[in-house]
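Beneath this line is the structure, given in structure tokens, with notes to follow.
The values are calculated or read from the model by the stated rules, or taken from the named source; none is laboratory data. Not measured: the values here are computed from a predicted model. In this analysis, Cβ positions are derived from the backbone assuming ideal geometry, glycine residues included, and neighbour counts consider all displayed protein chains.
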Amino acid sequence: MTPRIAILMGSDSDFPRLEPCIQTLRDFGQDPVVRVLSAHRTPEEATQFATRAQQDGFGVIICAAGGAAHLAGVIAAHTSLPVLGIPLDNPPLGGLDALLATVQMPGGVPVGTVGVGRGGPINAALLALRILGVADADMHAQMNTFRDSQHDRVLEKDAALQSKLS
């Protein structure tokens, strides 16, 4: 059985920006567990989730937060599972603060970080699926098919553009 993927967000106001992440996972047959847990407002619950994640059947944890963005680091400090951070582009700094908080982890506490903005949640989902695909041949094949379809779509768009230009 393929391990599950968890998506944690620091606030329910983050949910609309994480819907593309959830949908991408569902498109590949994953039904992620989605929770609101805060590194600052619910530290005990966040720690407990991280500590129990592997025995609860999770293989990857995706954490999204803006501002101070400590959620991914707190989760990574309490599990040996892969943790992926999505820095959210909240005001007033447009996500730079969240990016730096997520990517600048101390040695020994790794957090894989995706980009700020619209592509980040989708890339977090795809990276989580690739991680699971290392040990799941079906998931690996789905990721290869997806990559091939992206290749074909770009070439189709290029052919359409060349046709317009000639």
Q) Applying the selection to region 48-67, what residues are within 27 Å of R118 (Cβ to Cβ), touching a strand residue (DSSP E or B) at 6+ places or on another chain (Cβ under 9 Å) and of a type outside the set (A, V, I, L, M, F, W, C)? A) G59, G66
Q) Does R41 fit the bill of being in the same structural domain as D27 (by TED's automatic domain parsing) and part of a loop (DSSP other than H, G, I, E, B)? A) yes
Q) Which condition number in (1) closer than 11 Å to T102 by Cα; (2) in contact with a strand residue (DSSP E or B) (Cβ under 7 Å, 6 or more places away or on another chain); (3) without any contact (Cβ under 8 Å) to a residue 40 or more places away in the chain is the one that H70 fails? A) (2)
Q) Does region 45-53 contain any residue that is closer than 18 Å to I131 by Cβ, outside any loop (DSSP other than H, G, I, E, B) and in contact (Cβ under 8 Å) with a residue 40 or more places away in the chain? A) no
Q | Filtered residues of region 80-112 (kept if touching a helix residue (DSSP H, G or I) at 6+ places or on another chain (Cβ under 7 Å) and buried (at least 24 other Cβ atoms within 10 Å of the Cβ)) | A | V83, L84, G85, I86, P87, L88, T102
